[in-house]
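To start, the structure under review is shown below, and the notes come after it.
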Amino acid sequence: MNYIEQLAKTLEKKIGIPAEDIAGMLEVPADETMGDFALPCFKLAKTLKKAPPMIAADIAENLVLPEGFKEFKVIGAYLNFFIDPVNFIQNVISESALTGYGGSDEGQGKNICIDYSSINIAKPFHIGHIMSTAIGNALYRIYNYRGYTAIGINHLGDWGTQFGKLCYAYEAWGSKEDVETRNIDALLELYVKFHDEADKDDTLNDAARDWFKRIEDGDEYAVSLLDWFTNITLKRVEKVYDMLGVKFDYYTGERFYNDKMTPIVDELEDKGLLTESQGARVVNLDEYNMPPCIIIKNDGTTLYATRDLAAAFYRKKTFDFYKALYVVAYQQNLHFNQWFKVVGLMGYDWEKDLEHVNFGMVSLEDGTISTRKGRVVFLEDVLNKACEKTAEIIEIKNPALENKQAIAKQVGVGAVVFSVLSQGRIKDITFSWDRVLNFEGETGPYMQYTAVRCNSLLIRGKELLSETPDFSALDNDEAFKTAKALDKFPTAIENALNKNEPYLITRNIIDVAKAFNKFYFEHKIIDENKAASAARLALAKAVKNVITTGLYLIGVETPEKM
RNA sequence: GCGCUUAUAGCUCAGCAGGAUAGAGCGUUCGCCUCCUAAGCGAAAGGUCCCGCGUUCGAAUCGCGGUAGGCGCGCCA
């Protein structure tokens, strides 16, 4: 039953304006003690030409509430309505305990390309990469949950002159054994050494360019080096993705699109969009208040806008996406705006389906991340440390726990992911060990703990689940608030999807957990009254389902015990 | 200089298709385990919602103008 609809329909007769309009005026008071729904009568003052408090009083006179409502009160210009809690709680529990609660098939047959994580070959996976990876992974799951087909693409940074530098450095100073054993660490050292040496001797840069030319020309040895660097990077990074539970459907990077740019450039030429500017070929965007989008450099080579265009066309052709999301930091706002506009200027209406899902910067307490300056925190270290700390806590709190290591991983990694996805994307984050390693309050472990608490109640009260529940046992504020939070879960998922903001789900399940923990503290769940216990357990079951589902959607696992 | 973006409690953040007394977590101080997992629950203290003007019955929320921080502004990605 839809409360607002019912209420609006009832009020329609009383007030004399369409139920739709009334529904739009109804709101949920911030303070729950005021009521479950409210009609601020200020909004009616103009049309009815009466003072708001008078209007409220008039409507209240002889008002008969629809089913499901308990009472109403007039407070000043507000008309406040109270619903019947037991009825509501019972309905919410039966829905929210179901598998697939909040899911839908609205996205049937629609492909969503999600470009996320997008790591660079031969570079370490550091804390800055967590944002794109966690947000993208969450969106991947959320879209799938709503029936879409998400296509996860790791758009590797595997092309460019930096690989010429790396080849040169490897040939000059590297050793096969060292790179095999220390992989990315060795490659990074070589890369840093190249820059140090190149500062002293500029001819190295020419040599690096030659190396990259060899790669471009398909020189077998040079290409095999790049392949090798790519493989060892992916092998190393795979471990982190495994820990995070992150999967990709494609690892197609810039290199993949290298031979797919010519048709796009030709089309731009044919459509007369390219103009000469300082020796480069650009799309002029003055009219849109943006600097030109450079397609071809003055040395005839392409750059990333060209590759992103090629990738977009490839994805449109291959997947016929309903939407293509680019989970990339806000630093690249202009870049995406530019080439999205170029797609539009080429005459393609799917420009509107391209979306830059941007997010804030991660910096360290002593400044921005700089791998070369050694100012960096590796993601692997963060995850490992979080797991170690969890293991220590388990030793203190629950030393008899089975599978301690697996659970420490779920909780530790979950804490890191949860903290990233508990605030809006756009906020910058200053990484702090204290903060990610804090497991109290509104944190991942708190969520998991609440679900585990429900789980152990369900195990303990197994045989009560067959009883017919007496939902009147849930006639209290704590159960009511919990049910209200559960009820908002589907809307939270919908909003998270529409805004590409996973934290909206996070916030909702925090509300669920807080409300339930309060309920748990105030009420004994399992007691002599079997029917009442069954009702309380039904609530626990719904809470467990919603928290587990919500955590899953943001990429966090829920242990059975902890 | 131009563009984008952020500004709410000591810290980190919610709230912003305008509504009643602005919320949470952390931190601080103080309570609650003979009882279903205390990674829990509660209390106290803590506010110029960056500033100004405007729109409105009503502004943290909308508009305009400022201030401060972050990011970006052609041949890196």
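The values are calculated or read from the model by the stated rules, or taken from the named source; none is laboratory data. The structure presented is a predicted model; accordingly, all values stated were derived computationally and were not measured. Cβ atoms come from the backbone with ideal geometry, glycine included; neighbour counts cover every protein chain shown. Only protein heavy atoms, including side chains, enter the accessible area calculation; ligands, DNA and RNA are left aside. Shrake-Rupley method; radii C 1.70, N 1.55, O 1.52, S 1.80 Å.
Data overview
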{"quantity": "Two-decimal Rg/Rh across the range A:346-478, once Rg and the Kirkwood Rh are taken from alpha-carbon atoms", "calculated": "1.15"}
{"quantity": "Residue among A:Leu63, A:His356, A:Phe321 farthest towards the positive dipole end of chain A, charges placed on Cβ", "calculated": "A:Leu63"}
{"quantity": "Positive-end residue, chain A charge dipole about Cα centroid, Cβ charges, pick of A:Ala513, A:Pro502, A:Tyr552", "calculated": "A:Ala513"}
{"quantity": "Computed FRET value (nearest 0.05) for A:Ala30 with A:Phe521, which takes r as the C-beta separation and R₀ as 30 Å", "calculated": "0.80"}
{"quantity": "Partners for A:Lys484 among lysines (Cα-Cα distance below 24 Å; same-chain residues under 8 apart left out)", "calculated": "A:Lys9, A:Lys70, A:Lys73, A:Lys499, A:Lys514, A:Lys518, A:Lys524, A:Lys541, A:Lys544"}
{"quantity": "Cβ-placed point charges (K, R +1; D, E -1), dipole of chain A about Cα centre in debye, nearest 20", "calculated": "1200"}
{"quantity": "P(r) of chain A over all Cα-Cα pairs, binned every 20 Å from zero, in whole percent", "calculated": "18, 42, 29, 11, 1"}
{"quantity": "Cβ-placed point charges (K, R +1; D, E -1), dipole of the range A:509-562 about Cα centre in debye, nearest 20", "calculated": "80"}
{"quantity": "Carbon plus sulfur fraction of accessible area for chain A, probe 1.4 Å, in percent", "calculated": "48"}
{"quantity": "Fully extended contour minus Cα-Cα distance, from A:Lys14 to A:Lys235, at 0.36 nm per residue", "calculated": "72.7 nm"}
{"quantity": "Rg/Rg_ref, the range A:154-234, where Rg_ref = 2.2 N^0.38 Å and atoms are Cα", "calculated": "1.03"}
{"quantity": "The range A:229-271: mean projected area of Cα convex hull, nm²", "calculated": "4.3"}
{"quantity": "Cα long-axis angle, helix A:333-345 against chain A (0 to 90 degrees, to the nearest 10)", "calculated": "90"}
{"quantity": "Dipole of chain A, positive end: most advanced residue of A:Tyr449, A:Ser472, A:Gly272 [Cβ charges, Cα centre]", "calculated": "A:Ser472"}
{"quantity": "Orientation-averaged projected area, Cα convex hull of the range A:463-562 (nm²)", "calculated": "6.8"}
{"quantity": "Computed over the range A:277-374, the ratio Rg/Rh where both radii use C-alpha atoms and Rh is Kirkwood", "calculated": "1.04"}
{"quantity": "Principal axis dimensions, largest first and in whole angstrom, of the range A:506-562 by Cα", "calculated": "39, 19, 19"}
{"quantity": "The range A:189-237: C-alpha gyration tensor shape, a/c 1.5 cut-off, then a/b vs b/c", "calculated": "oblate"}
{"quantity": "The range A:58-197 - accessible surface per residue (Å², probe 1.4 Å)", "calculated": "37"}
{"quantity": "Area accessible to solvent at A:Val64, 1.4 Å probe radius, in Å²", "calculated": "110"}
{"quantity": "Volume per residue that the Cα convex hull of the range A:1-152 spans, once the total is divided by residue count, Å³", "calculated": "191"}
{"quantity": "Net charge dipole size for the range A:437-477 [Lys, Arg +1 and Asp, Glu -1 on Cβ; Debye, nearest 20]", "calculated": "280"}
